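Remarks on the structure that follows.
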Amino acid sequence: MNMEFAFLLAGVLLILAGCFCLIRTYHLLKIIIGMELSMKAVTLLFVIAGRINGNMELSQAFIITIIVIEVVITLVASGVALDLYKKYGNLDVRNLRNLRG
C-alpha cells in the first residue's frame, strides 16, 4: 500500500470522526474538540496534496492560513463556552438560544 494513500485514508477517517463528534453531542466542549479534529485532518490532507503535486511551498502557505483560522475559531468558541458555563453551569448548546447580549 502506498504511503500517500494511507495518509489520505487516515485524513478522511479523521474528518468522519470529527463530523460524528459534531453531530452526535450537545456538549459544547466536545463540539469544539470535534471541530479541531476535523481541522487537523484538513491540514493533513493539504500536506498530502502538496506532496503529491510537488508544490510543498503552496501547501505550507495554506496550512499556515488554516492554523490561524483554526485558532481564531477555537478562541471564539471557547469564549462562548465560558459565557455559557458562567450563566447556566453547563455547556449544553441548547442553552445558547437564551443568551442575549
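Table for the structure above
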item	result
Matching option when the condition is over 13 Å from the mean Cα position of the chain (by Cα), part of a helix (DSSP H, G or I), within 19 Å of G34 (Cβ to Cβ) and small (G, A, S), among A81, A61	A81
Yes/no for L14 being touching a residue at least 60 places away in the same chain (Cβ under 8 Å) and either crowded, with 16+ Cβ neighbours inside 10 Å or among the small types (G, A, S) (or both)	no
Within the range 27-55, tally of residues that are over 20 Å from L9 (Cα atoms) and of a type outside the set (S, T, N, Q)	7
Residue in the range 24-41 that is of a type in the set (A, V, I, L, M, F, W, C), modelled with pLDDT of 95 or more, surrounded by 18 or more Cβ atoms within 10 Å (Cβ to Cβ) and more than 22 Å from G79 (Cα to Cα) present	yes
Any chance K30 is more than 17 Å from the chain's Cα centre (by Cα) and free of Cβ contacts under 8 Å to residues at least 24 places away in the same chain	no
Residues of the range 53-70 that turn out to be surrounded by 12 or more Cβ atoms within 10 Å (Cβ to Cβ) and either under 20 Å from L22 (Cβ atoms) or touching a residue at least 40 places away in the same chain (Cβ under 8 Å) (or both), as a count	3
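The values are calculated or read from the model by the stated rules, or taken from the named source; none is laboratory data. Treat the numbers as computed from the prediction; the structure is a model and nothing was measured. Glycine also receives a Cβ, built like all others from the backbone with ideal geometry; neighbour counts cover every protein chain displayed.
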